[in-house]
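First the structure, in the form of structure tokens, and then the observations on it.
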Amino acid sequence: MALFDLPLDELRAYRSESAAPEDFDAFWAETLQEAREFDLDARFEPVDTGLSTVRVYDVTFAGFGGHPVKGWLRLPADATGPLPLIVEFVGYGGGRGLPHEHLLWASSGRAHFTMDTRGQGSVWGGGGGTADPVGGAPAYPGFMTRGIDAPGNYYYRRVFTDAVRAVEAARSHPLADASRTVAVGASQGGGVTLAVGGLVPGLVAVAPDVPFLCDFPRATTLTDRHPYREIGLYLRTHRGRTEDALRTLSYFDGVHFAARGTAPALFSAALEDQTCPPSTVFAAFNAWGGDDKSIEVYDFNDHEGGGPHHEAAKLRWVRTYA
């Protein structure tokens, strides 16, 4: 599809109309406090992958509700001292994949932790292995409306809490330098990266690519592509629930996490992206609380964004920080 959103000069000035709830910070402080009542219990089990340049560990840690969450930790095979740490979150429907996938960051000499996303890992890639044992109210198939009846029940409350605990788990490994932690992710992973950027202190950088879960009031009315469309299809049946749904979503909007983020940030946006429209990405970028921020714009790309070209840009950029 050709350009369908705001012109680039207007994107650079665009601000979301989404308002953070008055108890946004208290909600998240209480949520994380509850999660930390459970022992993190981070376990790292070596995996025989047949790889000679990278060591891989099968990780389990306690996420939201103390539920077991999986991940991979990849290290350069010859690592002997604390390494800069990259914590990565994955896109919608995907999981942590297989041990030999996602070797870029470990190959660059850094520790690389990939978090599994609870309940997902069954649409693309090598799959996932983390269940979501929490039930919920009636929902449209997918994840966007699970528990949308109330902020405390919403699916992404669990995912974002898992993500904060994932950073804590990855930082606990003796070969990870906790003081040089970078959060990265694309699409849903970019939205989770924004949440981590607003909730976790001491990050040295964040890199959300074409982030999902941003500017819900605009996203849900601008694009008819999934996953945002799940919300509209839910509301098509649950007439009169729009205000309640948007209130729940306001506790999970990347725009509000971005306003609380202070680490150096590299965003990316694609101007033909119908999955995560560029105005919703710019809404988060323009709200980002830190001064050291930049955004790469890919004029004629859809949701694939910058692809391998942007990976190269991130490799260059992250050298400054980790």
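Summarising the amide proton neighbourhood of E296: residues at separation of 5 or more, or on other chains, whose placed amide H is nearer than 5 Å comprise F267, S268, A269. The relative contact order of segment 161-202 comes to 38 percent, based on Cα pairs under 8 Å that sit 6 or more residues apart. The fraction of accessible area contributed by carbon and sulfur in the chain is 50 percent, rounded to a whole number (1.4 Å probe; ligands and nucleic acids excluded). Charge dipole of segment 210-257 (Cα centre as origin; +1 on each Lys and Arg Cβ, -1 on each Asp and Glu Cβ, all else neutral): 180 debye, rounded to the nearest 20.
In order along segment 215-229, phi translates into HN-Hα couplings of 6, 4, x, 7, 4, 6, 10, 8, 10, 10, 8, 5, x, 4, 4 Hz, rounded to whole numbers, per the Karplus curve 6.51 cos²θ - 1.76 cosθ + 1.60 with θ = phi - 60° and x for Gly and Pro. Among S52, S187, S179, the order of accessible area from largest down is S52, S179, S187, computed with a 1.4 Å probe on protein heavy atoms. Using C-alpha pairs under 8 Å with a sequence gap of at least 6, the mean separation divided by the residue count of segment 1-70 gives a relative contact order of 23 percent. Given a 1.4 Å probe and the protein chains as shown, C276 ends up with an accessible area of around 0 Å².
Count the DSSP beta bridges whose two residues both fall in the chain, then state the antiparallel fraction as a percent rounded to the nearest 5. Given both bridge residues lie in the chain, the antiparallel proportion sits at roughly 45 percent. Computed on protein heavy atoms with a 1.4 Å probe, the accessible areas place H310, H226 in the order H226, H310, largest first. Where only DSSP H runs of four or more residues are counted, the chain gives -9000 deg cm²/dmol as its mean residue ellipticity at 222 nm, each run worth -39500 (n - 2.57).
Taken about its Cα centre, the chain carries a charge dipole of about 320 debye when Lys and Arg each add +1 at the Cβ and Asp and Glu each add -1 at the Cβ.
Restricting the trypsin sites (Lys or Arg not before Pro) of segment 1-54 to loop positions (DSSP other than H, G, I, E, B) with no more than 14 neighbouring Cβ atoms within 10 Å leaves R12, R15, R36.
In this structure the amide hydrogen of V87, modeled in the peptide plane, comes within under 5 Å of the amide hydrogens of F113, V182, A183, V184, none closer than 5 places in sequence on its chain.
Computed extension gain for S172 through D25, at 0.36 nm per residue and net of the alpha carbon distance, reaches 50.4 nm.
Structural descriptor for the chain: relative contact order 18 percent, calculated from alpha carbon pairs under 8 angstrom and at least 6 residues apart. With θ taken as phi - 60° and the Karplus curve 6.51 cos²θ - 1.76 cosθ + 1.60 applied, the whole-hertz 3J(HN,Hα) list for segment 92-104 is 4, x, x, x, 5, x, 9, x, 8, 7, 6, 9, 4 Hz, x standing for glycine and proline.
Less than 5 angstrom separates the built amide H of F212 from those of S187, Q188, G190, G191, all sequence-distant by 5 or more or on a different chain.
Site pair R247 and S107 shows an inter-label distance of 5.0 nm when each label is modelled 7 Å from Cα along Cα→Cβ. A 1.4 Å probe, protein heavy atoms only, puts the accessible area of E34 near 70 Å². Using θ = phi - 60° in the Karplus curve 6.51 cos²θ - 1.76 cosθ + 1.60, the 3J(HN,Hα) couplings for segment 62-77 round to 8, x, 3, x, x, 5, x, 10, 9, x, 10, 10, 10, 10, x, 4 Hz; x is entered for Gly and Pro. Calculated accessible area for segment 248-289 comes out at 13 Å² per residue, all protein chains present (probe 1.4 Å; ligands, DNA, RNA ignored).
The values are calculated or read from the model by the stated rules, or taken from the named source; none is laboratory data. If you're wondering where the values come from, they're calculated on a predicted model, not measured in any experiment. We place every Cβ from the backbone using ideal geometry, glycine too, and count neighbours over all the protein chains shown. Note: accessible area is taken over every heavy atom of the protein model, side chains too, but ligands, DNA and RNA are not part of it. Shrake-Rupley method; radii C 1.70, N 1.55, O 1.52, S 1.80 Å.
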